Amino acid sequence: MTDFPFENRIWDPAETLARDELRALQAERLRETVARVAHVPFYRRALAERGVGADDIRIADDVRRLPFTTKEDLRQHYPLGFLAVPREELVRLHGSSGTTGKPTFVAYTAEDLECWANLCARFLVAGGLRREHMVQIAFGYGLFTGGFGLHQGVELVGASIIPAASGNTPRQVMLLVDLRPEVLICTPSYALNIAEVARAKGYGPDDIALQFAHFGGEMWTEDMRHEIERALGIQAFNNYGLSEIIGPGVSGECAARGGMHISEDHFLVECLDPDTLEPVPEGEQGELVITTLTKQAMPLLRYRTRDIAALDSAPCRCGRTGTRMSRVVGRTDDMLIIRGVNVFPSQIEEALLRVDGATPHYLIEVDRPGAMDEVKVKVELRPEAFSDRMDEMQRLRDRIGREIFTVTGLRVGLELVEPQTLERSAGKALRVIDRRQNRPGG
Amino acid sequence: MKIQQISVFIENRPGHLAAQIRALAEAGINIVTLSLADTEQFGILRLIVRDWEKAKGVLEAAGRVVKTTEVLAIEVEDRPGGLAELLEVIDAGGINVEYMYAFTYGFKGRAVMIFRFEDPDAAIAALQAKGIGVLDAVDLFRRAEG
Ligand SMILES: [Zn+2]
């Protein structure tokens with residue numbers, strides 16, 4: 001165990017269940033879940049349509065006989081149409097901030113809350129949290145699941161908590177410097193923000209005592225991880241969850257940091273081709289589709305997360321047996337399929353951020369003039385990078401093309417354009433123009 | 001000895017080059033000479049004008065990406081072999097030429113070439129040692145504008 005950067009400690013023995021026991025447990029819990037959702041009209045109808053009942057579930061793979069649930073289904077049954085228990089049994093409600101106005105609510109029974117805290121404790125301990133630590137939680141406390149979810153997890157481990165909540169960044173820095181917590185919990189972009197404000201106030205990694213951070217709640221990249229780790233002098237851990245399912249706690253990284261271990265005794269996760277809804281081969285990217293196995297208040301069957309990631313069930317040297325998922329690389333909503341390759345606009349941005357002379361302002365244009373897709377990426381030139389020498393300009397272009405190839409695996413046509421020329425509508429940039437007819441998935 | 005050259009980034013779309021030239025004309029700036037280096041995806045327009053600071057301001061105000069570079073204007077005998085002899089001197093001096101282009105106006109049997117050297121000062125010294133004339137801005141624009 002000496003090859004871990006710190007002691008590999010396991011919070012819950014269930015994390016190391018043998019695979020065959022785990023699969024058997026999943027089958028049993030899936031059967032119970034199907035019986036439980038009979039109280040939800042939506043599922044009663046959908047199960048009847050498919051002619052499936054709890055008795056038909058014999059193995060975990062029988063999940064493929066069950067109906068899907070989408071965000072739209074949840075919206076149509078706003079606010080609490082998916083409750084599987086009487087309203088009096090609820091002890092807590094949270095919600096996701098809906099971009100369309102109304103939140104999507106998630107409800108918890110007392111048992112759900114207890115389970116949720118335990119799931120958060122699992123990944124917190126896997127990523128270094130110990131009873132003797134002090135933890136600054138800079139997540140929003142409110143309808144958002146991040147603040148309260150992690151708070152309960154930390155409390156269960158027994159560490160002390162500074163419930164700083166999000167915002168007031170100078171105060172966050174003050175707390176880090178004065179109280180010297182060892183652990184920070186927030187979104188990765190907020191951690192960068194905190195690091196910037198700390199630097200502006202003249203504080204570096206030596207002025208704070210942080211050792212670990214647990215980040216979740218948004219998509220981020222390995223480059224960002226390195227940047228935050230350098231800026232704060234910490235080890236950063238990724239965790240995953242979504243409010244419709246439970247909040248944080250679906251999966252999290254261990255000390256080996258080779259993907260996030262899914263708590264498969266509580267969640268059955270499939271990785272499907274978003275178009276065919278068939279499983280993708282292991283290791284390939286697909287949409288995560290999650291079935292809750294123990295949720296009481298609001299169990300969901302095959303919830304389409306729209307998050308794209310890959311699964312890896314190879315044994316991990318930490319001893320946990322839960323399948324590991326890669327970081328979320330994109331959303332099905334903005335995924336482009338080009339020459340059979342999945343590409344996300346965020347990957348282009350990631351590539352551009354690695355090149356000094358480029359700005360992260362770009363426009364992807366996809367055409368299909370013949371049988372093949374053609375991709376052109378327009379990139380705004382950084383004025384300081386402009387040279388009167390053609391060889392230097394060609395080198396800059398090649399460098400951008402190479403980085404895009406490294407990140408996406410695609411060779412794209414690249415066009416440099418003047419700064420401030422790509423359209424920005426209401427602050428948010430237009431990233432993709434897809435002119436293909438019959439485009440896949442469209 | 002050194003002349004300020006203005007370079008402008010040109011996008012690969014119809015009318016983008018013409019728009020830059022038009023903007024300068026409307027500001028009353030006379031382009032003494034120019035060269036365009038281009039690829040399918042973009043171009044670099046290089047200009048010699050008398051009032052380069054004004055030209056730079058006009059272009060930047062219009063949102064263009066502009067850069068100034070020091071170049072040398074060198075006289076060449078306007079006869080077969082004139083340029084070859086000059087280039088031989090440059091080669092012999094171990095001086096790196098990034099690019100060059102011909103100046104529009106000649107004078108008394110002499111042509112003028114614009115050279116972008118990696119190290120303009122070293123180039124001036126090497127050329128003058130061989131008795132080759134490097135024009136300053138006053139000489140250059142006198143020839144151009146009569
Ligand atoms: Zn592990």
Original post:
For the stretch A:307-364, what are the residues that are under 16 Å from the mean Cα position of the chain (by Cα) and of a type in the set (Val, Ile, Thr)?
Top reply: A:ILE308, A:THR323, A:VAL328, A:VAL329, A:THR332
Original post:
If you go through the stretch A:216-229 one residue at a time, do you hit one that is hydroxyl-bearing (Ser, Thr, Tyr), surrounded by fewer than 24 Cβ atoms within 10 Å (Cβ to Cβ) and within 18 Å of the chain's Cα centre (by Cα)?
Top reply: yes
Original post:
Of (1) open to solvent by 60 Å² or more (accessible area, probe 1.4 Å); (2) within 27 Å of the chain's Cα centre (by Cα); (3) at pLDDT below 85, A:ALA371 satisfies all except one. Which?
Top reply: (2)
**OP:** Kindly check whether there is at least one residue in the stretch A:14-22 that is more than 16 Å from the ligand (Cβ to nearest atom) and surrounded by fewer than 19 Cβ atoms within 10 Å (Cβ to Cβ).
**Re:** yes
**OP:** Restricting attention to strands (runs of 3 or more DSSP E) lying wholly within the stretch A:85-157, give those where 2 or more residues are over 30 Å from A:LEU176 (Cβ atoms) and either in the same structural domain as A:LEU176 (by TED's automatic domain parsing) or not small (Gly, Ala, Ser) (or both).
**Re:** A:90-96, A:104-109
**OP:** Could you please give the count of residues in the stretch A:287-312 that are small (Gly, Ala, Ser) and at pLDDT below 95?
**Re:** 0
Original post:
Picking from A:ARG36, A:ARG29, which residue would you name as being in contact with a Leu (Cβ under 6 Å, 6 or more places away or on another chain), among the charged types (D, E, K, R) and open to solvent by 30 Å² or more (accessible area, probe 1.4 Å)?
Top reply: A:ARG29
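Let's see how each residue does on (1) among the hydroxyl-bearing types (Ser, Thr, Tyr); (2) part of a helix (DSSP H, G or I); (3) open to solvent by less than 20 Å² (accessible area, probe 1.4 Å); (4) not assigned by TED's automatic domain parsing to the domain that holds B:VAL32:
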position: B:VAL58; (1), (2), (3), (4): no, yes, no, no
position: B:LEU86; (1), (2), (3), (4): no, yes, yes, yes
position: B:ARG116; (1), (2), (3), (4): no, no, no, yes
position: B:ALA123; (1), (2), (3), (4): no, yes, yes, yes
position: B:ALA126; (1), (2), (3), (4): no, yes, no, yes
position: B:ASP139; (1), (2), (3), (4): no, yes, no, yes
Subject >> Hits in the stretch B:44-56 - residues which are closer than 19 Å to B:VAL134 by Cα and either assigned to a strand (DSSP E or B) or within 14 Å of chain A (Cβ to nearest Cβ) (or both) >> reply: B:LEU47, B:ILE48, B:VAL49
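Yes/no per residue for (1) within 14 Å of chain B (Cβ to nearest Cβ); (2) part of a helix (DSSP H, G or I); (3) under 30 Å from B:ARG46 (Cβ atoms):
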position	(1), (2), (3)
A:SER346	no, yes, no
A:GLU350	no, yes, no
A:VAL355	no, no, yes
A:PRO360	no, no, yes
A:LEU363	yes, no, yes
A:GLU384	yes, yes, yes
A:ASP398	yes, yes, yes
A:GLU403	no, yes, yes
**OP:** Evaluate the following for A:ALA256: is it within 13 Å of the ligand (Cβ to nearest atom), aliphatic (A, V, I, L, M) and open to solvent by 20 Å² or more (accessible area, probe 1.4 Å)?
**Re:** yes
Original post:
For residues in the stretch A:310-330 being in contact (Cβ under 8 Å) with a residue 60 or more places away in the chain and in a strand (DSSP E or B), which is most open to solvent (accessible area, probe 1.4 Å)?
Top reply: A:ARG324
Original post:
Is there a residue being assigned by TED's automatic domain parsing to the domain that holds A:THR109, assigned to a loop (DSSP other than H, G, I, E, B), touching a strand residue (DSSP E or B) at 6+ places or on another chain (Cβ under 9 Å) and at pLDDT 95 or above anywhere in the stretch A:211-229?
Top reply: yes
Subject >> Any pair with Cβ under 6 angstrom, 6 or more apart, that starts in the stretch A:229-249 at a residue that is free of Cβ contacts under 8 Å to residues at least 24 places away in the same chain and ends at one that is of a type outside the set (S, T, N, Q) and in a strand (DSSP E or B) >> reply: A:GLU229/A:ALA236
Original post:
Going by the structure shown, is A:TYR78 open to solvent by 30 Å² or more (accessible area, probe 1.4 Å) and under 30 Å from A:MET174 (Cβ atoms)?
Top reply: no
Original post:
If we scan the stretch A:302-319, do we find a residue that is within 16 Å of the ligand (Cβ to nearest atom) and polar (S, T, N, Q)?
Top reply: yes
Subject >> Every residue from the stretch B:1-30 that is open to solvent by less than 30 Å² (accessible area, probe 1.4 Å) and not in a loop (DSSP other than H, G, I, E, B) >> reply: B:ILE3, B:GLN5, B:ILE6, B:SER7, B:VAL8, B:PHE9, B:ILE10, B:GLU11, B:HIS16, B:GLN20, B:ALA23, B:LEU24
**OP:** Taking B:THR68 as the residue in question, decide whether it is at pLDDT 95 or above and either touching a Leu at 6+ places or on another chain (Cβ under 9 Å) or within 13 Å of chain A (Cβ to nearest Cβ) (or both).
**Re:** yes
Subject >> Count of residues meeting criterion [touching a strand residue (DSSP E or B) at 6+ places or on another chain (Cβ under 7 Å), β-branched (Val, Ile, Thr) and farther than 24 Å from A:GLY241 by Cα] in the stretch A:323-369 >> reply: 5
Original post:
With respect to A:ILE262, is the statement that it is within 16 Å of the ligand (Cβ to nearest atom), away from chain B (no Cβ under 14 Å) and surrounded by 21 or more Cβ atoms within 10 Å (Cβ to Cβ) true?
Top reply: yes
Subject >> Counted residues, the stretch B:95-114 - those being exposed (fewer than 13 other Cβ atoms within 10 Å of the Cβ) and in contact (Cβ under 8 Å) with a residue 24 or more places away in the chain >> reply: 1
Subject >> Residues that are open to solvent by 20 Å² or more (accessible area, probe 1.4 Å), touching a strand residue (DSSP E or B) at 6+ places or on another chain (Cβ under 6 Å) and modelled with pLDDT of 95 or more, drawn from the stretch A:134-150 >> reply: A:MET134
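The values are calculated or read from the model by the stated rules, or taken from the named source; none is laboratory data. Given the structure is predicted, the values throughout are model-derived calculations rather than measurements. Note that each Cβ is placed from the backbone with ideal geometry, even for glycine, and that neighbours are counted across all protein chains shown. The accessibility values were calculated without ligands, DNA or RNA, using every heavy atom of the protein model including side chains. Shrake-Rupley method; radii C 1.70, N 1.55, O 1.52, S 1.80 Å.
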